[in-house]
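Take a look at the structure below.
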Amino acid sequence: MSAADRVRRRGHLILLATAAVSRQCVADCQPRWYAPEKPDGPLKYNGHVMEPACFNQTSDDPRPHTVYIIGDWGGVMYSEWAEVMPADRRAKKFKKAHRVFIHGADDIAQQKVANQMKWHAAKDRVDYILNVGDNFYWGGIQASCSMEFGAEGVGKQQWTKIYEWMYNGETLKDKQWLGVLGNHDYGGWNFLSAWDQTIAYTWGGEGTSWRWFQPALYYKAGAIYEDFSIDYFFIDSNVFDALDPYQVPGHNICSSAHNPENKGCPKTGPYNIWQCKWWFIKIWKEQMTWIETELEKSVHTTDWQIVVTHFPPNWGVDHWAYLCEKYGIDVYIAGHVHNQQLWSPWGPVPYLDKFAHNPVGATAVVVSGGGGGITSEGVPSAEGWDNEYGFMKMQLAKDEIIIRHVSHGGQLREEIRVNKRLPQLTTTNPPTTVTATIALDMDMRRMDATRNASFPDEFV
């Protein structure tokens, strides 16, 4: 069978699959994802394939379907009565990251981005929100890991003031947030924060609006529309911040400088600093086996394949380039870098290097790390004429996805248009020497260290 015949056959199979599921959706599928039964811990549903959600199957609303994207959004409160404000990474103690403080931006960044989301949601047909992690600075939910899963009142003040009240109002109150964890959700420079309670909030908590949805560290969620479908693959990529205990003490989840030697998360792992790196490597290896299996199915039945994770693809670059090429991943969505970026297929990426181009080729990349939970990489303007703080809008359709960056001042700053990337299923696995970038300094833009993205089997 020729390549053209394979493309036509794939399109025909997807059309039949989408039509069949769409007919079912009208009858019994809701515009919402529902978690399975509440587990007794955060790892049970790793790799779970959620029942799909269906959107506006019979609606006559002429507006296009839109999804919002936000990351690195949850600020800090220095007292019970204090206003929420960004964690201040541009202070002098951070040396290379130090810059001038901009009043009207750096002090109220999260509020400004949230207000723009509310304002735009009044005009858009918003289906749900994709969250790329770093939900609460500096170090996630302020409690210890391995408490009772879903223990009452854990992190109540953070959930209420930094999430529930911040993203409220008629236009956002019923929009689900589907997401992943970032390195700061584990603790930033340790792994002892209540990251497991972030997952538990999926099954409710005191004051919940029942919008939060993260039932596992990694999972798949399908969205079915009138004439197209999407598979979202949510991946935990925090292995790239889980180093040997004596490395990079200021930016290492497994650091011996900030994790007591014999303390860990006894119910789930990591169990101590010596096992920490291998715990994350094990999770990563399981995910990579799982995602290949699920992508292999998806390319034959679903129109769009989208990855949602925390670290951009220049971490694990060769492995992501392989997956994107072989399975035709259309969009890769991430955060971690504290600004807003759109990398068009094969386009330039000046943030990495003035000569750099999109490292995953024909896959569009969204970096939405400017949600306002931490001060931005560069200097913003109080009016919003910058790419430092903001959120992304992803407009969905059968043949094209349009992604736009909305700044904290409401300006539409950038736009890219994405067409489907066809899979190349004959692409072979990357060699075992595949390298992945790790920024040893938060503001490092180029790669200055490498790590094997396939990782050794020792201790796993």
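The values are calculated or read from the model by the stated rules, or taken from the named source; none is laboratory data. Nothing here was measured: the structure is a model prediction, and the numbers come from that model. Cβ sites come from the backbone with ideal geometry, for glycine too, and all protein chains shown count toward neighbours. Keep in mind that these areas ignore ligands, DNA and RNA; they rest on the heavy atoms of the full protein, side chains included. Shrake-Rupley method; radii C 1.70, N 1.55, O 1.52, S 1.80 Å.
What is the dipole size for segment 205-268, taken about its Cα centre, with +1 at each Lys and Arg Cβ and -1 at each Asp and Glu Cβ, in debye to the nearest 20? All intermediate terms of the calculation are to be shown ahead of the outcome.
Details: 4 positive and 8 negative charges, 56 e Å.
Dipole magnitude for segment 205-268 comes out near 280 debye.
Answer rounded, prolate or oblate for segment 193-330, using the Cα gyration tensor with square roots of eigenvalues a ≥ b ≥ c: rounded when a/c is under 1.5, else prolate when a/b is larger than b/c, else oblate.
Values: a/c = 2.67, a/b = 1.46, b/c = 1.83.
Since a/c reaches 1.5 but b/c is at least a/b, the shape of segment 193-330 is classed as oblate.
For GLU226 and LYS285, calculate 0.36 nm times their separation in residues minus their Cα-Cα distance, and state this gained length in nm to one decimal.
Working: separation 59, 0.36 × 59 = 21.24 nm, distance 3.55 nm.
Between GLU226 and LYS285, full extension yields 17.7 nm more.
Ignoring the sites themselves, what is the longest stretch of the chain with no GluC sites (Glu not before Pro) in a DSSP loop and at most 14 other beta-carbon atoms within 10 Å? Kindly include the intermediate steps, with their values, before the conclusion.
Numbers: sites that count: GLU37, GLU80, GLU83, GLU148, GLU152, GLU170, GLU206, GLU261, GLU383, GLU400, GLU458.
Free of exposed loop sites, the longest segment is 262-382.
Where the accessible area of the chain is counted over protein heavy atoms with a 1.4 Å probe, how much of it, in %, is carbon and sulfur?
Details: 9870 of 18390 Å².
Carbon plus sulfur share of accessible area: 54 percent.
In nm, give the distance between the simple-model label positions of GLU148 and GLN30, each being 7 Å from the Cα along the Cα-to-Cβ direction.
2.7
Return the percentage of antiparallel bridges among DSSP beta bridges fully within the chain, rounded to the nearest 5 %.
On the way: 33 of 61 bridges.
Antiparallel bridges: around 55 percent, rounded to the nearest 5.
Quick check: residue separation of HIS103 and SER59 times 0.36 nm, minus the Cα distance between them. What number comes out in nm?
Details: separation 44, 0.36 × 44 = 15.84 nm, distance 4.37 nm.
Once the chain is fully extended between HIS103 and SER59, it gains 11.5 nm.
Take every DSSP beta bridge with both residues inside segment 266-425 and express the antiparallel ones as a percent of the total, to the nearest 5.
Details: 17 of 24 bridges.
Antiparallel: roughly 70 percent of the beta bridges in segment 266-425.
Per-residue accessible area for HIS48 at 1.4 Å probe radius, Å² rounded to 10?
60
Going through segment 206-258, which chymotrypsin sites (Phe, Trp or Tyr not before Pro) have at most 15 other Cβ atoms within 10 Å and a DSSP loop state?
Details: sites: TRP210, TRP212, PHE213, TYR218, TYR219, TYR225, PHE228, TYR232, PHE233, PHE234, PHE240, TYR246; in loops: TRP210, TYR218, TYR225, PHE228, TYR246.
Answer in residue order: TRP210, TYR246.
Going from the alpha-carbon gyration tensor of segment 294-356, what semi-axes, largest first and in whole Å, does one get by taking the root of 5 times each eigenvalue? Intermediate results must be reported in sequence, preceding the final value.
Working: eigenvalues 107, 31, 23 Å².
Result for segment 294-356: semi-axes of 23, 12, 11 Å.
Could you grab the relative contact order for segment 130-192? Cα pairs under 8 Å, six or more apart, rounded to a whole percent. Working shown, then result.
Numbers: 59 pairs, mean separation 40.8, N = 63.
Once normalised by length, the contact order is 65 percent.
Counting heavy atoms of the protein chains only and a 1.4 Å probe, report the per residue accessible area for segment 63-176 as a whole number of Å². Kindly include the intermediate steps, with their values, before the conclusion.
Details: 4890 Å² over 114 residues.
Using a 1.4 Å probe on heavy atoms only, each residue of segment 63-176 averages 43 Å².
Once every DSSP H run of n ≥ 4 in the chain is given -39500 (n - 2.57) and the sum is divided by its residues, what mean residue ellipticity at 222 nm do you get, rounded to the nearest 500 deg cm²/dmol?
Rounded to the nearest 500, it is -6500 deg cm²/dmol.
Find which of VAL379, MET392, GLY409 sits farthest along the positive direction of the dipole of segment 378-417, computed with +1 on the beta-carbon of Lys and Arg, -1 on that of Asp and Glu, about the Cα centre.
Value computed over the given set: MET392.
Students often get this wrong, so try it: which of (i) 1.19; (ii) 0.92; (iii) 1.09 is Cα Rg over 2.2 N^0.38 Å as calculated from the structure shown?
The listed entry that was calculated here is (ii).
Quick one: compute the contact order of the chain, relative version, from alpha carbon pairs under 8 angstrom and 6+ residues apart, as a percent.
Relative contact order for the chain comes out at 19 percent.
Per residue, how large is the accessible surface of segment 186-304? Use a 1.4 angstrom probe and give square angstrom. Let's see the in-between values first.
On the way: 3600 Å² over 119 residues.
Result: 30 Å² of accessible area for each residue.
What full-extension length gain, to one decimal in nm, is calculated for ALA356 and LYS297 as 0.36 nm per residue of separation minus the Cα-Cα distance? Let's see the in-between values first.
Values: separation 59, 0.36 × 59 = 21.24 nm, distance 3.26 nm.
Fully extending the segment from ALA356 to LYS297 adds 18.0 nm.
For LEU412 and LYS44, what does the FRET efficiency come to when R0 = 56 Å and r is the distance between their Cβ atoms, rounded to the nearest 0.05?
Values: r = 42 Å, r/R0 = 0.74.
Approximately 0.85, to the nearest 0.05.
Quick one: if the Förster radius is 45 Å, what FRET efficiency do ALA82 and GLU400 give, using the C-beta to C-beta distance and rounding to 0.05?
The pair ALA82/GLU400 has a calculated efficiency of 0.50.
Around MET85, under 9 Å between beta carbons, what's the net of Lys plus Arg minus Asp minus Glu among the other residues? Mind dumping the intermediate values first?
Details: positive: none; negative: GLU83, ASP88, ASP106, ASP107.
Net charge around MET85: -4.
Please say if segment 250-386 is rounded, prolate or oblate, where rounded means a/c under 1.5 for a ≥ b ≥ c the square roots of the C-alpha gyration tensor eigenvalues, and otherwise the choice is prolate for a/b larger than b/c and oblate otherwise? Kindly include the intermediate steps, with their values, before the conclusion.
Numbers: a/c = 2.25, a/b = 1.16, b/c = 1.95.
The shape class here is oblate.
Between ASN429 and GLN275, what is the label-to-label distance in nm when each label sits 7 Å out along the Cα-to-Cβ direction?
That separation, rounded to one decimal, is 2.7 nm.
About its Cα centre, how strong a charge dipole does the chain have in debye, to the nearest 20, once Lys and Arg get +1 and Asp and Glu get -1 at the Cβ?
Values: 44 positive and 53 negative charges, 117 e Å.
The calculated dipole for the chain is roughly 560 debye.
With every protein chain kept in the model, how would you rank MET77, MET392 by accessible area, 1.4 Å probe, largest at the top?
Final ranking, largest accessible area leading: MET77, MET392.
Which one of ILE273, GLN424, CYS29 has its Cα pushed farthest toward the positive end of the charge dipole of the chain, where Lys and Arg give +1 and Asp and Glu give -1 at the Cβ?
GLN424
Specify whether the C-alpha gyration tensor of segment 147-247 places it in the rounded, prolate or oblate class, a ≥ b ≥ c being the square roots of the eigenvalues: rounded for a/c under 1.5, otherwise prolate if a/b is larger than b/c and oblate if not.
Numbers: a/c = 2.16, a/b = 1.20, b/c = 1.80.
Note, shape of segment 147-247 comes out oblate.
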